[in-house]
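Asker: Let me begin by handing over the structure; questions about it come next.
The values are calculated or read from the model by the stated rules, or taken from the named source; none is laboratory data. As the structure is a computational prediction, the values presented were derived from the model and not from experiment. So basically every Cβ, Gly included, is an ideal-geometry build from the backbone, and we count neighbours across all protein chains shown. In case anyone asks, the SASA skips ligands and DNA or RNA and just uses the protein heavy atoms, side chains included. Shrake-Rupley method; radii C 1.70, N 1.55, O 1.52, S 1.80 Å.
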Amino acid sequence: MQPGISSHPDSKDQYNLNDRLIVIGVRHHSPACAKLVRRTIEDHAPAFVLIEGPADFNPHIEDLRLAHQLPLAIFSFHATHRRTLASYSPFCSYSPEWVALQTAWSTGATPLFCDLPAWHPDFGDRTNRYADPHGKRAAAVEQAAANALGEEGRDAFWDAIAEQSPPQELEERLASYFDLLRPDGAEDPREFARERYMAAHAAWALGEAKDRKVVLICGGWHAQAVRLLSRQASGDLPAIPQLNEGERAGSYVVPYDYRRLDRFAGYASGMPAPAYYEDVFTHGLDQAADNAQNAIAATLRAAGQVVSTADRVAWHAHAKALSMARGHRSVLRADLLDAALATLVKDALDMPAAWTRDGALRSGTHPALVAMLRALTGERCGKLAPGTRQPPLMADIRARLDDLGLIPEPRPRDVVLDWNVPLDRERAHVLHALCILGIPGFERGGEPMALGTVAPKETFRLVLHRDADGAQIEASRWGGTVAMATAAVLSDRAEQAGDDLESLSACLADALFSGLLALENELTERIAAGLASSHDIRAIGVSGLEIVRLYRFGEVFGDAGHKALGRLCEAVFSRVMWIMEAIRNEDEGIKAIRALLACRDMMRDCPTPDMDIPSFISGLERCVSNQESPAALAGAAFGTLIACGQTFPEDVCGRMQRFSGPDRLGDFLSGLFALAREGISRSEPVIGSVRGIVEGWNDEAFLRALPSLRRAFSFFPPRERERLAGAIVRSHGGNEAQAEVQAMAWMRQSTPMTDQASAIALEATVARRLAEAGLM
């Protein structure tokens, strides 16, 4: 028993009260339970119908009475200055909770939600209200019961005991099932606060109902505990927990869809196959099986699988036989799927069929099985009725888009924005913000186009999207205006990033493109502090490349933003100069390439007064000449000197001999090509030196060097690689025509390079073994 629960009533009055309380324990989104709820309410005509759902939504419960297109959900959020949490309470036409609402209104009862708000601490981080945590014991008991009936999986077990149950037996079966999972409302400290809150609502409703009855619908896991706790409740209406200062919370109706509702998509407490169970609720099991067979056949045929009339006859007969062998009254979902697997799928499966186990579909599930389950999921999407209450964010988005001429239309349109134009800059701020908020219908066309320090131009594609309203409602958890919500999203991302320079730099870029000046300042300070203490040369390099990319755009981010980016460039430059000469590990040398790329761009394209370029050049020269420098670092340092005009490409030929071993040349060239590709690609002496070194290796050395050489030459685009291939052919005596043909053949060969390398290795092994046996 739970703390404070007594199974013994204290008085005759409490017996009478509980005689008038009808608690229906359900499985969420079960057609059989939905029908039971409807019959019970119609038979007993209660004064109140209490429903497991967020009690703070009761002032807005009439929102659910509008002519919505199901499925939909109550979206609830809770926000503090540190984090934002959201959860959903989904409804479809066959959800017991939805049927309870509609039947209550049709019979004159008062429906109320009676559970804690979704933002209450007792929910933790749960994103789905109806995801009851049954625990390992209940799962083991349920599995044992399923095995005893010969059913595979909890869904097949549920269908066998509940969905095909005669109506007059269902209530008793449900009571036995939930008592099996949680005997006599056994202790569950995680759920105690919620169950006590629901029980308090029940006691209050009984007092208000006078001599009439009260029906309470909740997950079957809670039912017995709620019955027992209601006997001890005071009868006062439980208050909605109050928010602390600085906290925000809200609940709104949002559209939902069957794919999100399907348990195989990861929905924790759903029934699988929403489209199938909608048919079960509307037409019954037999018609649902026929409709499901048609849907599966159509989906498989659309995927290219032949499903003949003979296949369908065999499938139908097999499903009937399975149903009869298992003692089912009708063909159930598991019968239909097992029969389809036996008659339509010819391949062996690498894992048990998805419908025999819990959880989302796993990677590697057979495509035919995925298609079958998708057919049973259906494509139904919800749509809100006109006049549905909306959060302030939606009005702000509409106003901003209208003012700027950016209202989406049914036909897609591209909007090209020039950051040199003030109006376009304001439009870009809003569109970037909507992309950050994840509002569909606003798609950014790649990275901004920029050359040198020219302000960027970028393209957005706008289109009226069916999910836009729902996404805007869900985004309202972050704030009531576009700027407030976007800043909250980026602040949350920055909080999650911690000291990760790469993530913080990405947040800074988004803040700049969204025009969030206050957040820019905060992020700039955090990045500067992170750069000053970081020893991660890769993170410094990635961050530096993003910062210098932004700095190139000039003053489109405002004078203050441009100066702040300049200070960050100086911080990156200084930190790389401090760290690079201490690098001795080859892996770290590879990681340093990006850092030197960022510094090269700063020196070459956008130097600032406080960059100590002479000292940096001296450091690069020491990296090149130091015998302990990793090959990649030495190559990158030399490449930087070439790119900045401090030396000539041909000067590398003499230095290259130091890195001529198969374990070092590829790394050296990776650094060199990454930093000075343009200068190196047209230097025949450099390419000739590389060719001479490689030709001096035997096959074993070449194969050992091949991965790093491939990485090095990957810094050249395909057209330049083809030109280099032609130069190699000419260096071996080929004429221009031969060079062009051979280079084109090399670049367009169909056999993967890895296969060619494996063939060379195999040939070398065969030759060695033949030589060892004296056969060569």
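Asker: Among 570, 546, which is the only one that is under 27 Å from the mean Cα position of the chain (by Cα), open to solvent by less than 60 Å² (accessible area, probe 1.4 Å), under 21 Å from residue 616 (Cα atoms) and not hydrophobic (A, V, I, L, M, F, W, C)?
Answerer: Working: 570 fails: under 27 Å from the mean Cα position of the chain (by Cα).
None of the others qualify; the one that does is 546.
Asker: Regarding residue 252, is this residue surrounded by 17 or more Cβ atoms within 10 Å (Cβ to Cβ) and assigned to a strand (DSSP E or B)? So that I can check it myself, show each step before the final result.
Answerer: Numbers: surrounded by 17 or more Cβ atoms within 10 Å (Cβ to Cβ): yes; assigned to a strand (DSSP E or B): yes.
Taking the combined requirement at face value, the residue satisfies it.
Asker: Enumerate the pairs (first residue in region 533-558 and at positive phi; second residue anywhere and modelled with pLDDT under 90) with beta-carbon separation below 6 Å, excluding pairs fewer than 6 apart on the same chain, so at least 6 apart or on different chains.
Answerer: Going by the 6 Å Cβ cut-off, the qualifying pairs are 554/453; 554/455.
Asker: Okay, moving on. Going through region 355-388 one residue at a time, which ones are at pLDDT 90 or above, part of a helix (DSSP H, G or I) and of a type in the set (Val, Ile, Thr)?
Answerer: 377
Asker: Give the number of residues within region 301-318 that are more than 20 Å from residue 332 (Cβ to Cβ), open to solvent by less than 70 Å² (accessible area, probe 1.4 Å) and assigned to a helix (DSSP H, G or I).
Answerer: Residues in region 301-318 being more than 20 Å from residue 332 (Cβ to Cβ), open to solvent by less than 70 Å² (accessible area, probe 1.4 Å) and assigned to a helix (DSSP H, G or I): 1 in total.
Asker: Do we find that residue 127 is at negative phi, modelled with pLDDT of 95 or more and open to solvent by 10 Å² or more (accessible area, probe 1.4 Å) in this structure?
Answerer: On the way: at negative phi: yes; modelled with pLDDT of 95 or more: no; open to solvent by 10 Å² or more (accessible area, probe 1.4 Å): yes.
Spelling it out, it is not the case that residue 127 is at negative phi, modelled with pLDDT of 95 or more and open to solvent by 10 Å² or more (accessible area, probe 1.4 Å).
Asker: Separate question: Is it fair to say residue 333 is touching a residue at least 12 places away in the same chain (Cβ under 8 Å) and open to solvent by less than 70 Å² (accessible area, probe 1.4 Å)?
Answerer: Numbers: touching a residue at least 12 places away in the same chain (Cβ under 8 Å): yes; open to solvent by less than 70 Å² (accessible area, probe 1.4 Å): yes.
So residue 333 fits the description; yes.
Asker: Could you check residue 223 against (1) touching a residue at least 40 places away in the same chain (Cβ under 8 Å); (2) farther than 30 Å from residue 378 by Cα; (3) not in a helix (DSSP H, G or I) and say which number it fails?
Answerer: For residue 223, the failing item is (3).
Asker: Within region 440-467, can you find the residues that are modelled with pLDDT under 90 and open to solvent by less than 60 Å² (accessible area, probe 1.4 Å)?
Answerer: Step one: filter region 440-467 for residues modelled with pLDDT under 90, giving 444-458, 466-467.
Of everything in region 440-467, those that are modelled with pLDDT under 90 and open to solvent by less than 60 Å² (accessible area, probe 1.4 Å) turn out to be 445, 446, 448, 450, 452, 455, 456, 458.
Asker: Let me ask something additional. Answer yes or no as to whether residue 348 is at pLDDT 90 or above and over 24 Å from residue 162 (Cβ atoms).
Answerer: Details: at pLDDT 90 or above: no; over 24 Å from residue 162 (Cβ atoms): yes.
Answer is no for this residue.
Asker: If you don't mind, there's one more thing I want to ask. Name the single residue, out of those in region 257-283 being open to solvent by less than 20 Å² (accessible area, probe 1.4 Å) and modelled with pLDDT of 95 or more, that is farthest from residue 363 (Cα to Cα).
Answerer: In this case the residue turns out to be 280.
Asker: Taking only region 146-191 into account, find how many residues are within 25 Å of residue 37 (Cα to Cα), over 35 Å from the mean Cα position of the chain (by Cα) and either open to solvent by 70 Å² or more (accessible area, probe 1.4 Å) or modelled with pLDDT under 90 (or both).
Answerer: Adding up the residues that qualify gives 13.
Asker: Out of curiosity, is residue 565 over 22 Å from the mean Cα position of the chain (by Cα), among the aliphatic types (A, V, I, L, M) and surrounded by 18 or more Cβ atoms within 10 Å (Cβ to Cβ)? Step through it out loud before you land on a result.
Answerer: Values: over 22 Å from the mean Cα position of the chain (by Cα): yes; among the aliphatic types (A, V, I, L, M): yes; surrounded by 18 or more Cβ atoms within 10 Å (Cβ to Cβ): yes.
Answer is yes for this residue.
Asker: Suppose we filter region 511-526 for residues that are surrounded by fewer than 22 Cβ atoms within 10 Å (Cβ to Cβ) and under 19 Å from residue 539 (Cβ atoms); how many remain?
Answerer: Of the residues in region 511-526, 2 are surrounded by fewer than 22 Cβ atoms within 10 Å (Cβ to Cβ) and under 19 Å from residue 539 (Cβ atoms).
Asker: Looking at region 594-602, can you tell me whether even one residue there is modelled with pLDDT of 90 or more, part of a helix (DSSP H, G or I), open to solvent by less than 60 Å² (accessible area, probe 1.4 Å) and over 23 Å from residue 667 (Cβ atoms)?
Answerer: At the first step, the residues of region 594-602 found to be modelled with pLDDT of 90 or more are 594-602.
Right, trim to part of a helix (DSSP H, G or I) and you get 594-602.
Subsequent filtering for residues that are open to solvent by less than 60 Å² (accessible area, probe 1.4 Å) retains 595-602.
Right, trim to over 23 Å from residue 667 (Cβ atoms) and you get 602.
Yes, the conditions are met somewhere in region 594-602.
Asker: Okay, moving on. Any residue at all in region 248-260 that is of a type outside the set (Gly, Ala, Ser) and more than 24 Å from the chain's Cα centre (by Cα)?
Answerer: Pass one, region 248-260, residues of a type outside the set (Gly, Ala, Ser): 248, 252-260.
Okay, now just the ones that are also more than 24 Å from the chain's Cα centre (by Cα), so 248.
Yes, there is a match, as at least one residue in region 248-260 is of a type outside the set (Gly, Ala, Ser) and more than 24 Å from the chain's Cα centre (by Cα).
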